[in-house]
Each structure stands twice: as C-alpha cells, then as structure tokens.
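Structure record follows, encoded as structure tokens.
The values are calculated or read from the model by the stated rules, or taken from the named source; none is laboratory data. What you are looking at is a predicted structure, and each value in this text was computed from that prediction instead of being measured. All Cβ positions, glycine included, derive from the backbone under ideal geometry; neighbour counts span all protein chains shown.
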Amino acid sequence: MTQTDLSWVRTEMAQAMPAPAGERGLVAWVRKNLFASVGDTILTLLGLLLVAMILPSIINWAFVQAQWTGPDRTVCATVAQGGIQPDGWSGACWAFVNAKFGQFMFGRYPLEERWRPILVAVLFVALLAPLLIPRAPHKGLNAVLFFLALPIVAFILLVGGMFGLPHVETPLWGGLLVTLTLSFVGIVVSLPLGILLALGRRSKMPVVKMICIVFIETIRGIPLITVLFMASVMLPLFLPAGVTFDKFLRALIGVSLFAAAYMAEVVRGGLQAIPKGQYEGADSLGLSYWQKMYFIVLPQALKLVIPGIVNTFIGMFKDTSLVYIISMFDLLAIVRQNFSDASWASPQTPASGLIFAAAVFWLFCFGMSRYSMFMERRLDTGHKR
Amino acid sequence: MASQEVLREEPTRGSLINDPRVRSIFIQVVAALALVLCIWWIVGNTIDNLQRLHIASGFAFLKGRAGFDIADSAIAYSSDNTYGRAILVGLINTAIVALAGIVTATIIGFMVGIGRLSNNWLIRKICTVYVEVFRNIPPLLVIFFWYFGVLSVLPLPRDSIGLPFGSFLNSRGFYFPRAVWGEGSWLIFLALVLAIAMSWFVARKARQRQMATGQQFPVFWTSVALIVGLPLLAYIVSGFPLTFDLPKKSTFNLTGGFQVKPEFLSLYLALSFYTAAFIAEIVRAGVRGVSHGQTEAAGALGLRSGPILRLVVVPQAMRIVIPPLTSQYLNLTKNSSLAIAIGYPDLTAIAGTVLNQTGQAIEPVLIMMAVYLGLSLLTSAIMNVVNAKMALVER
C-alpha cells in the first residue's frame with residue numbers, strides 16, 4: 001500500500017469565513033424577524049399601523065402638549081372651558097400632579113410633621129437596599145433591624161404621641177404613605193402566617209388541618225372588598241361594647257389575613273414539591289418537627305416558590321388600593337378625591353392624575369417582579385432538568 | 001422470632017411529654033378549645049351589641065320594601081320591590097359582567113399570549129408591553145381610567161361619535177341597534193338549537209369513523225354550515241321576522257336602540273383588559289411547557305405546522321393552561337366587586353346599600369360571602385369538568 005491510496009487529509013483547520021451577506025447585518029435581521037413570510041409581513045404592517053396610530057398621540061399628549069407647571073386649572077383648560085389653551089387643545093395636566101404632589105405622598109399628614117414620614121422612608125430605603133444586594137455583609141443583623149427595629153421606630157415616628165412627638169391620627173394619613181405602610185405590614189405579617197397555615201394544612205392532626213382548610217378556602221373564595229367590609233362593619237360588632245379599633249388597624253388586619261390565605265396556598269405548592277425522601281431523611285436524623293421544617297424542608301420549598309411569593313406580594317400591593325371602598329385614602333383614592341377639587345377640575349385632570357398613580361404602582365410592582373427574577377436565577381442551584 | 005418481638009414493642013419513653021401521639025392529641029384539644037371559646041366569645045359579644053344597638057337580626061328584612069332605585073337592571077325592578085329582589089338584581093348584574101369579562105379576557109389573553117411567542121419581533125414586543133403594563137397596575141386604577149379618563153370625557157349625546165352598524169358612542173354610554181323579534185322568530189331559535197345538536201352529532205360520528213377507519217371528515221366546516229345555514233333558512237321561511245330598532249339622534253339625546261351604560265362598559269373593559277394580561281402569561285407558559293421534542297417528532301411524522309399546532313401542541317398545552325386559567329376566572333369574578341367604586345350596581349354595591357339602610361351588618365355580608373363562594377365553586381366545578389376532558393388519559 002502506498003501513500004497515494006489514502007484520501008487526502010487536511011492537516012490544518014480551514015479559515016473561518018464570515019457568514020454570507022444575506023445572513024448577517026440589519027437587512028437579514030429585518031427579513032428574519034419582520035418579513036419571514038407573507039403572513040408575517042401582514043402582521044408587521046398591522047403592528048406598525050397600530051404603533052403609528054397610538055405612539056405619536058401618546059407622546060404628543062404626555063409631553064409635547066403637556067402643561068408642567070401652573071397655578072390652577074386655567075393652564076389645563078381650553079378657552080371654551082374657561083382656561084387659556086386654544087380650542088381643540090388636549091394634553092396632560094402635569095401641573096395638577098405637581099401642585100398636589102405633597103398630598104399624593106402624605107395625604108393630610110400635617111405639613112410641619114412631614115419630616116417624620118420622610119425620615120421613615122429614608123430609614124426604610126437605607127435598610128432595604130443592603131438587604132436586597134446579595135454581596136452586602138451582615139445580612140442577619142440587617143434583617144433583624146429591618147423586620148423588628150424598623151417597624152417599632154416607624155410606629156413611634158409616624159403615630160407619635162411619645163418622646164415629645166405630637167400625635168398624628170391615622171385618618172390624617174394618606175397617599176403613598178398609606179399604600180406603602182399597608183403593603184409593608186401586610187408582607188411582614190402574611191409570609192410567616194401563610195407558612196404556618198400551609199404547615200397546618202399539611203399537618204397530620206385532623207383538627208388543626210380542618211381549621212386551616214376552612215380558613216384558607218373561605219378567604220380565597222370571597223373578594224377582598226368583602227373582607228374589608230367585614231373588617232370595617234362586622235369587627236366592631238364582634239368585640240365587647242366600648243372596645244374600638246383604629247380603622248387603619250382594621251384594614252391592616254383585613255389585608256394581612258387575606259394575603260396570608262393566598263400565601264399559604266403558594267407555600268403549600270412548594271411543600272408538596274419537596275421529595276418525600278427529604279422529609280424521611282430529616283426524620284431518620286432524629287430532627288424534631290420544627291427542626292425538620294426549619295433546616296431541611298422550608299429552605300428548599302420557599303426557594304422553589306419565590307415567583308409565587310413575589311406574585312402574592314405584588315397582588316397585595318395592588319390590592320391595597322381597595323381600601324378606598326372603606327373610605328381610607330391611599331394613593332389612588334387621594335388622586336381620585338382630588339378630581340373634584342374645583343380649582344383643578346378640567347377634562348384632562350382625571351387622566352393625568354390616574355396615569356401618575358399608575359406609573360407609581362407600576363414602578364413598584366415591576367421592580368418587585370424583576371428582583372424576584374434576579375433572585376430566582378441567583379438561587380438556582382442547578383437541580384432543575 | 002424472639003428478637004423481632006422485642007423490636008416491635010413500643011420503646012419506653014421518659015415521660016408523656018415526649019410521646020408524639022399524646023402531644024398531637026393535646027395540641028388538637030387545645031386548638032379546638034381555643035376555637036370554640038373564641039367563637040363563643042364573638043357570638044356573645046355580637047348578641048350583646050345587637051341588643052344594645054336595637055338592631056334586628058335574621059333574614060326577615062329581605063321581604064321589606066327596598067326603597068332605592070337601581071340604574072342598571074336586567075329584570076324588572078322598582079324601588080317598591082323587596083330587598084330580596086334588589087339583591088337578586090345585583091347577583092344577576094355580577095353574573096353578567098363576570099361572564100362577559102371572562103369571554104373577552106380569554107379571547108384577548110389567548111391572542112396576546114400567542115403573540116408573545118410569535119417569530120415576529122414587532123408583534124412580540126407589542127404583546128410584551130401590553131402584558132407588563134397591565135399586570136403591574138391595580139385593577140381599580142384600570143377601572144377608574146376607563147371611567148374617568150376615557151368614557152366621561154367623550155362628547156355629549158348631541159355630538160355622539162357615529163360608529164358602524166348604526167351604533168353611537170357618547171358620555172352616556174354605547175348605543176347599538178336593538179333586535180326586535182317579530183312573529184315566528186321562535187323558528188330561528190329552534191333552528192339554532194337543532195343545528196348545534198346536529199353538529200355535535202356529526203362530530204361524534206366523524207370521530208368514531210376516524211377511530212375505526214382512519215378517514216377524516218370536515219367537521220368544522222360542516223358545523224359552520226349547519227349553525228349559520230339552518231337559522232338563516234328558518235329566517236327566510238318564517239318571513240323575515242327580525243327587525244332592528246336603530247338609535248336615533250334627537251336634539252339633546254339619543255332615543256331608541258340599546259344603551260350600555262358607561263359604568264358597565266368601564267368595568268367590563270377594565271376587567272377584560274386586566275385579566276387578559278394574566279391569561280396571556282398562562283397561555284405562554286402552557287405552550288412553552290410542551291417540550292420541543294413533541295413538535296420535532298410531529299414534524300418527523302410529516303405533519304405541517306398547522307396540524308402540529310392543532311393536534312400536538314395545543315391539546316398538551318391546554319392541560320397546563322386550564323388549572324391556572326380557572327383561578328384567573330375566579331379572580332375576575334371576585335374583582336367584579338370593584339363595581340362599587342364607580343357605582344355599577346353589582347352584588348357588593350347593592351348589599352352595601354342594604355347594609356346601610358337596614359343597619360344589619362352581618363346578614364348582607366353573609367349573603368355576599370355565600371354568593372361569591374357559590375360562584376367560585378360553580379366556576380371551578382365547570383372548569384374541573386373541562387379539565388377532566390382534557391387531562392391525559394393513562395392506561
């Protein structure tokens with residue numbers, strides 16, 4: 001056999017060539033992603049039409065024609081409506097938001113005492129930020145400060161009546177202050193309560209199990225408004241004569257119990273997803289029930305259901321807007337209330353105020369959902385298939 | 001043997017405290033006692049309070065004269081009717097808005113959800129923006145937006161915006177032609193029922209034949225022909241009994257036609273748009289939950305993309321989609337109680353009025369709870385049937 005019988009084998013790698021011109025660059029991207037087929041082209045054109053119809057008018061309304069500052073309604077009304085704008089004018093009335101900003105944030109909280117909620121907000125951010133950044137040190141201390149010390153300090157600062165701080169009644173609270181307080185307390189209370197309810201529902205003790213099931217299913221079956229109704233009209237009837245509750249506190253109890261029932265179902269999903277071997281392994285190590293749950297089961301179960309937990313938080317944050325029904329003034333309610341302010345009433349005011357409120361709610365909810373996605377990726381230990 | 005006997009004996013415990021069975025019984029007895037005591041205390045307090053405030057109790061108030069008007073009522077109602085009838089009106093209104101919302105939200109949700117999986121970049125982005133915007137704002141805000149931001153700034157009735165098919169839109173709502181069923185129109189309904197029954201029968205037979213022989217039958221087009229054709233035939237045979245009452249512009253108002261009030265419209269639109277964002281995410285997760293191997297295997301069998309979607313992907317995706325879809329339907333029904341914020345007379349709003357008028361706090365809230373629980377159970381029962389039909393049949 002001679003060498004010539006062998007087929008020719010290349011000794012060095014072929015030079016990598018750039019992709020053909022039709023497969024790279026903007027043109028190829030456009031062809032692949034926008035005009036791949038006839039149907040695709042029609043869809044793209046329809047989509048472009050939709051964007052062309054909506055986007056310019058939104059930009060025009062929200063920015064170009066918008067009025068940013070002004071003393072009263074005249075800047076946001078046309079001549080026919082008693083204002084200064086030409087007929088046919090239509091634009092956002094950010095001047096209204098600007099003028100009412102303090103109310104939207106704090107409600108009727110006394111002007112000279114507003115440094116107190118601001119201080120609480122600063123403390124809140126200062127403690128929350130390192131808690132959310134995974135690399136920041138002293139997580140344990142931080143968590144204790146955030147979940148135990150902050151509520152006490154915030155209570156003293158916001159309610160007052162001690163240490164020389166004047167008492168501020170809760171009916172004066174309003175705006176974003178109420179929204180955030182309700183949701184923070186709701187979150188802090190509903191998670192542990194929900195975990196306990198979920199454990200109770202999976203307990204082997206029939207009485208405990210029944211109590212938990214009845215509670216969870218009843219609350220989940222009725223709207224939050226009904227729960228708030230109960231908290232505001234029925235609770236006073238349930239208590240001995242003369243014992244009264246702060247309305248704010250009643251709403252807090254209603255919201256927390258409501259969220260806890262949903263949380264319980266989310267956590268139960270996580271508990272069920274943990275393989276039986278983990279429970280049995282913990283038992284065979286001689287761990288007690290609480291040790292088993294605390295060290296083995298819950299860390300794995302809660303990690304699995306982070307998206308569900310955050311979804312419940314987001315749902316609760318949005319649901320705090322319902323306290324409007326029992327005439328408390330959260331952000332949305334105070335925006336709504338200001339529509340009827342005669343010095344600002346104009347056809348553009350409601351939409352402007354509502355879009356401002358929507359933007360605030362959206363920022364918080366979107367932030368929460370993005371952070372949960374980030375945590376999910378970080379905590380992913382690669383056990384997934 | 002002897003050693004096994006020894007093993008089977010209960011190990012002796014130091015004390016009763018460490019015996020799990022004793023502990024469990026003890027905890028349960030304490031829990032039950034605490035619950036009973038709590039209920040006893042609450043009931044006692046309530047009875048005291050009711051007596052002190054001279055509030056009647058019991059459901060006798062349902063027979064009393066209501067004395068308030070309801071703006072939007074599907075059944076005949078006046079302020080002389082009873083509280084019971086008022087609550088019934090509210091219940092029907094809740095059911096109407098929930099049902100209409102569920103249908104619309106499902107349609108929008110499926111379209112947007114599939115749009116988010118499209119190969120088309122623009123469509124994908126538009127759908128993503130829709131979902132991210134509506135998922136992250138409170139439903140109450142969406143309702144307010146439609147009510148105060150859009151519908152109440154529409155022109156007055158005399159400069160109504162004309163829409164196709166003789167319908168009008170103005171600040172008092174949406175007007176469209178009302179169908180007036182004349183003599184002999186029962187024949188059309190009969191034909192429709194007959195057509196539905198026949199197409200069900202055809203579908204059944206076609207399926208049996210396909211199972212036995214493998215031959216297919218164009219069930220879809222046959223059903224369309226039946227359901228459209230038969231009523232049309234009946235319409236012609238019975239002498240065109242259907243006429244339309246068109247809304248007409250007069251100097252200050254629109255007369256005639258069917259008016260949909262802005263309260264209903266904003267609640268319905270808000271609930272549909274809000275829930276659709278969640279349904280879209282569920283649909284997306286469902287379709288993505290079907291493994292790619294299924295699509296590839298179907299392709300390897302020679303199916304084209306249409307049949308792959310219809311016969312392989314969608315039936316499997318539906319299994320993942322239906323349970324969370326059910327809970328979204330329940331959420332929509334519960335969220336319809338937000339009607340109270342804009343004055344649409346749904347169950348919560350009317351029960352709230354009854355509560356204020358009679359002063360009886362407990363009974364209206366109990367009725368509300370019972371109705372919503374009932375609606376929830378009904379919806380989940382229906383969806384469970386659907387789910388059972390869709391579920392994987394294993395040997």
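All conditions but one from (1) more than 14 Å from every other protein chain (Cβ to nearest Cβ); (2) within 30 Å of B:LEU355 (Cα to Cα); (3) modelled with pLDDT under 75 apply to B:ASP80; the one that does not is (3). Could you check segment B:105-130 and list, in sequence order, the residues that are within 11 Å of chain A (Cβ to nearest Cβ) and either buried (at least 18 other Cβ atoms within 10 Å of the Cβ) or assigned to a helix (DSSP H, G or I) (or both)? If the condition is that a residue be within 11 Å of chain A (Cβ to nearest Cβ) and either buried (at least 18 other Cβ atoms within 10 Å of the Cβ) or assigned to a helix (DSSP H, G or I) (or both), then B:GLY115, B:ASN120, B:TRP121, B:LEU122, B:ILE123, B:ARG124, B:LYS125, B:ILE126, B:CYS127, B:VAL129, B:TYR130 are the ones that fit.
Listed conditions (1) under 30 Å from B:ASP72 (Cβ atoms); (2) in contact (Cβ under 8 Å) with a residue 40 or more places away in the chain are all met by B:ILE322, apart from (1). Scanning segment B:375-395 for residues that are more than 9 Å from every other protein chain (Cβ to nearest Cβ) and either touching a residue at least 60 places away in the same chain (Cβ under 8 Å) or in contact with a helix residue (DSSP H, G or I) (Cβ under 9 Å, 6 or more places away or on another chain) (or both) yields a total of 10. If you go through segment A:219-252 and keep only what is under 29 Å from B:SER380 (Cα atoms), within 7 Å of another protein chain (Cβ to nearest Cβ) and in a helix (DSSP H, G or I), you end up with A:GLY221, A:ILE225, A:THR226, A:PHE229, A:MET230, A:MET234.
The residues in segment A:327-366 that are charged (D, E, K, R) and either more than 8 Å from chain B (Cβ to nearest Cβ) or touching a Lys or Arg at 6+ places or on another chain (Cβ under 8 Å) (or both) can be counted, and the count is 2.
A single entry from B:LEU140, B:LEU151 fulfils the requirement of being more than 18 Å from the chain's Cα centre (by Cα), crowded, with 19+ Cβ neighbours inside 10 Å and within 14 Å of another protein chain (Cβ to nearest Cβ): B:LEU151. Each residue in segment A:220-256 was checked for being touching a residue at least 24 places away in the same chain (Cβ under 8 Å) and under 17 Å from A:LYS318 (Cβ atoms), and 10 pass.
Apart from one condition, B:MET368 fits all of (1) assigned to a helix (DSSP H, G or I); (2) surrounded by fewer than 21 Cβ atoms within 10 Å (Cβ to Cβ); (3) not aromatic (Phe, Trp, Tyr); the exception is (2). Do you know which residues across segment B:328-352 are touching a residue at least 40 places away in the same chain (Cβ under 8 Å), aliphatic (A, V, I, L, M) and assigned to a helix (DSSP H, G or I)? Within segment B:328-352, B:LEU330, B:LEU332, B:LEU338, B:ALA339, B:ALA341, B:LEU347, B:ALA349, B:ILE350, B:ALA351 meet the criteria. Say we look at segment B:81-95 and pick out the residues that are of a type in the set (Val, Ile, Thr) and in contact with a helix residue (DSSP H, G or I) (Cβ under 8 Å, 6 or more places away or on another chain); which of these is surrounded by the fewest Cβ atoms within 10 Å (Cβ to Cβ)? By that ranking, first place goes to B:THR82. When every residue of segment B:153-169 is checked against the conditions, none turns out to be touching a residue at least 24 places away in the same chain (Cβ under 8 Å) and touching a helix residue (DSSP H, G or I) at 6+ places or on another chain (Cβ under 6 Å). Which count do you get for residues in segment B:37-77 that are within 16 Å of B:PRO364 (Cβ to Cβ), away from chain A (no Cβ under 14 Å), of a type outside the set (Phe, Trp, Tyr) and in a loop (DSSP other than H, G, I, E, B)? Matching residues across segment B:37-77 total 5. Here A:ALA36 does not qualify as assigned to a helix (DSSP H, G or I) and not polar (S, T, N, Q). Would you confirm whether or not segment A:260-271 contains a residue that is modelled with pLDDT under 85, more than 22 Å from the chain's Cα centre (by Cα) and within 22 Å of A:PHE313 (Cα to Cα)? No - not one qualifying residue is present in segment A:260-271.
Residue-wise test of (1) part of a loop (DSSP other than H, G, I, E, B); (2) modelled with pLDDT of 80 or more.
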{"site": "A:TRP8", "(1), (2)": "yes, no"}
{"site": "A:ALA19", "(1), (2)": "yes, yes"}
{"site": "A:ALA28", "(1), (2)": "no, yes"}
{"site": "A:LYS32", "(1), (2)": "no, yes"}
{"site": "A:ASP40", "(1), (2)": "no, yes"}
{"site": "A:LEU46", "(1), (2)": "no, yes"}
{"site": "A:ALA62", "(1), (2)": "no, yes"}
{"site": "A:VAL75", "(1), (2)": "no, no"}
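The single condition among (1) of a type outside the set (S, T, N, Q); (2) touching a residue at least 40 places away in the same chain (Cβ under 8 Å); (3) in the same structural domain as A:VAL159 (by TED's automatic domain parsing) that A:LEU119 does not meet is (2). So which of B:ARG13, B:ARG21 is of a type in the set (D, E, K, R), exposed (fewer than 14 other Cβ atoms within 10 Å of the Cβ) and at pLDDT below 75? None of the other options fit; the residue is B:ARG13. A single member of B:LEU301, B:LEU355, B:LEU325, B:LEU269 is modelled with pLDDT of 90 or more and either surrounded by 22 or more Cβ atoms within 10 Å (Cβ to Cβ) or within 30 Å of A:TYR324 (Cα to Cα) (or both), and it is B:LEU269.
For first residues located in segment A:39-67 and over 18 Å from A:GLN348 (Cα atoms), partners that are among the β-branched types (Val, Ile, Thr) and lie 6+ apart or on another chain with Cβ distances below 9 Å form the pairs A:ASP40/B:ILE123; A:LEU43/B:ILE123; A:THR44/B:ILE123; A:LEU46/B:ILE123; A:GLY47/B:ILE123; A:GLY47/B:ILE126; A:LEU50/B:ILE126; A:VAL51/B:ILE126.
Quick check: is even one residue across segment A:304-326 at the interface with chain B (Cβ under 9 Å from one of its Cβ atoms), under 19 Å from B:ALA341 (Cβ atoms) and over 22 Å from the mean Cα position of the chain (by Cα)? No - not one qualifying residue is present in segment A:304-326. Number of residues in segment A:220-261 that are surrounded by fewer than 24 Cβ atoms within 10 Å (Cβ to Cβ), in contact with a Gly (Cβ under 8 Å, 6 or more places away or on another chain) and farther than 21 Å from B:ALA370 by Cβ: the value is 2.
Considering (1) part of a helix (DSSP H, G or I); (2) within 14 Å of chain A (Cβ to nearest Cβ); (3) farther than 30 Å from B:ALA280 by Cβ, the lone condition that B:ARG85 does not fulfil carries the number (2). Among the residues that make up segment A:5-28, is at least one of them surrounded by 14 or more Cβ atoms within 10 Å (Cβ to Cβ) and not assigned by TED's automatic domain parsing to the domain that holds A:GLY353? The answer is yes; a qualifying residue exists. Exactly one residue out of B:LEU325, B:LEU355, B:LEU311 is assigned to a helix (DSSP H, G or I), assigned by TED's automatic domain parsing to the domain that holds B:ILE282 and under 23 Å from the mean Cα position of the chain (by Cα), and it is B:LEU325.
Kindly indicate whether B:GLY166 is of a type in the set (Gly, Ala, Ser) and either within 16 Å of B:LEU271 (Cβ to Cβ) or at the interface with chain A (Cβ under 10 Å from one of its Cβ atoms) (or both). Here the answer is no, as B:GLY166 does not meet what is asked.
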